[in-house]
Amino acid sequence: MLTNIRIVLVQTYHPGNIGASARAMKTMGLTDLVLVNPRCFPDSEASRLAAGAEDVVDGARVVKTLQDAVSDCVQVVGASARLRSLPLPHFDEPEAMARELVANAADNPVALVFGRERFGLTNDEIRCCSHQVSIPANPDYGILNLSQAVQVLAYETFKAWRQRPESDYRPARPAADRQPTREQLDHFHAHLSRVMQASGFLTQPHARTEAQLQALFSRAQPSRKELSLLRGLLSSLEESRDGN
Ligand code: SAH
């Protein structure tokens, strides 16, 4: 189950933080590390600070965008010290986040996403997430070092996994009942945008409206079956328009 829990580091500046994050992961049984466009990798500093977790560093996959890192995930939780304006579901308690993450990881990959040392995650990157989480900390000094934030959330995840309820041992759910992957949701939102423009509801691409609708569907957590129902509805609206 822990193999389905991925740690994603976005554009890490200091390679030492990659090594220290790998070490934090390994102590908590996590091994799937994905690096989005790191400044400097591979690097001897990353291996040095991994201190015994070089296997996690060596196994890390490097990708170009956050979308590439999480397209197969059903839940993507962005870690952020600051509240942003995006109305995504937000966990104030890492413990509650970890329980949900571990339950979702029973059937599918899920991800915890960490931002850059200097300026965290951009709004576009937060839009790739389904949820946000903050680690409660000193209101006057609440930003943790990147690898320490990884350690705290990896620990919460490990704890939730150890304490997971019996019901998590159930047989895998049929695919139609599971939550859609980010890629399936992206296709749905692209379809919705096409229909909104073709119908004249939007006269040009409107990022804010689209972001609000993305957040709405994130909160609703439709199953794959429900999402394909919505896709069918959109297709029939398109066809009835084409017929007129
Ligand atoms: N200066 C950046 C923070 C960088 S810290 C900013 O203001 O956004 C690097 C990363 O560690 C953050 O992007 C976030 O993913 C994680 N992090 C640090 N402190 C955190 C906290 N209190 N809660 C959740 N994530 C945190």
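Throughout, read-outs are computed from the coordinates displayed, never taken from laboratory work. None of these values were measured; they are calculated from a predicted model. Don't worry about glycine lacking a Cβ; one is built from the backbone with ideal geometry, like all the others, and counts go over all protein chains shown.
Rounded to the nearest Hz, the phi-derived 3J(HN,Hα) couplings of the stretch 59-66 under the Karplus curve 6.51 cos²θ - 1.76 cosθ + 1.60 (θ = phi - 60°) are x, 5, 9, 10, 10, 8, 10, 5, where x marks glycine and proline.
Database remark: amide H of VAL62 closer than 5 angstrom to the amide H of LEU35 (H placed geometrically; neighbours at sequence offset of 5 or more, or on other chains; Pro and chain starts carry no H).
In this structure the amide hydrogen of ARG6, modeled in the peptide plane, comes within under 5 Å of the amide hydrogens of VAL110, ALA111, LEU112, none closer than 5 places in sequence on its chain. Taking label positions 7 Å along the Cα-Cβ direction at both THR3 and LYS64, the computed distance is 3.0 nm, reported to one decimal.
Taking a ≥ b ≥ c as the square roots of the eigenvalues of the alpha carbon gyration tensor, the chain is prolate, as a/c is not under 1.5 and a/b beats b/c.
Take every pair of alpha-carbon atoms less than 8 Å apart whose residues are at least six positions apart; their mean separation over the length of the stretch 2-167 yields a relative contact order of 30 percent.
Counting only aspartates and glutamates at least 8 places from LYS26 when in the same chain, those with an alpha carbon closer than 13 Å to its own are GLU54, ASP55, ASP58. Using a cutoff of 8 angstrom between alpha carbon atoms and counting only pairs six or more residues apart, the relative contact order for the stretch 1-61 works out to 43 percent.
Given their separation in residues at 0.36 nm each and the Cα-Cα distance between them, ARG231 and ALA175 gain 18.5 nm when the chain is fully extended.
Helical runs (DSSP H, four residues minimum) scored at -39500 (n - 2.57) apiece and divided by the length of the chain put the mean residue ellipticity at 222 nm at -14500 deg cm²/dmol. Placing +1 on the Cβ of every Lys and Arg and -1 on the Cβ of every Asp and Glu, with nothing else charged, gives the chain a dipole about its Cα centre of roughly 120 debye.
Which of rounded, prolate, oblate describes the stretch 61-139, given a ≥ b ≥ c as roots of the alpha-carbon gyration tensor eigenvalues and a/c under 1.5 marking rounded, otherwise prolate only if a/b is larger than b/c? The partial results should precede the final answer.
On the way: a/c = 1.77, a/b = 1.10, b/c = 1.62.
The shape class here is oblate.
Counted over the chain, the DSSP beta bridges are approximately 5% antiparallel. Projecting the Cα atoms of ALA175, ALA160, SER134 onto the dipole axis of the stretch 125-179, where Lys and Arg carry +1 and Asp and Glu carry -1 at the beta carbon, places ALA175 farthest toward the positive end. For GLY78, the residues whose modelled amide H falls within less than 5 Å of its own, excluding neighbours fewer than 5 places apart on the same chain, are VAL113, SER130, HIS131, GLN132, VAL133. Residues in the stretch 10-23 carry Karplus couplings, in order, of 9, 6, 5, 7, 8, x, x, 5, 5, x, 5, 5, 4, 5 Hz; the curve used is 6.51 cos²θ - 1.76 cosθ + 1.60 with θ = phi - 60°, and Gly or Pro positions show x.
Suppose R0 equals 35 Å. What FRET efficiency, 1/(1 + (r/R0)^6) with r the Cβ-Cβ distance, do ASP186 and SER44 give to the nearest 0.05?
The computed FRET efficiency comes out at 0.40.
Each Cα pair of the stretch 80-201 feeds into the Kirkwood radius, which the Stokes-Einstein equation turns, at 10 °C and 1.306 mPa s, into a diffusion coefficient of 96 µm²/s.
Computed with the Debye formula from one identical point scatterer per Cα of the stretch 175-243, without solvent, the log10 of I(q)/I(0) at q = 0.24, 0.26 Å⁻¹ comes to -1.11, -1.22. Residue-wise HN-Hα couplings along the stretch 221-232, as the Karplus relation 6.51 cos²θ - 1.76 cosθ + 1.60 with θ = phi - 60° gives them from phi, are 6, x, 7, 4, 5, 5, 5, 6, 4, 5, 4, x Hz; Gly and Pro carry x.
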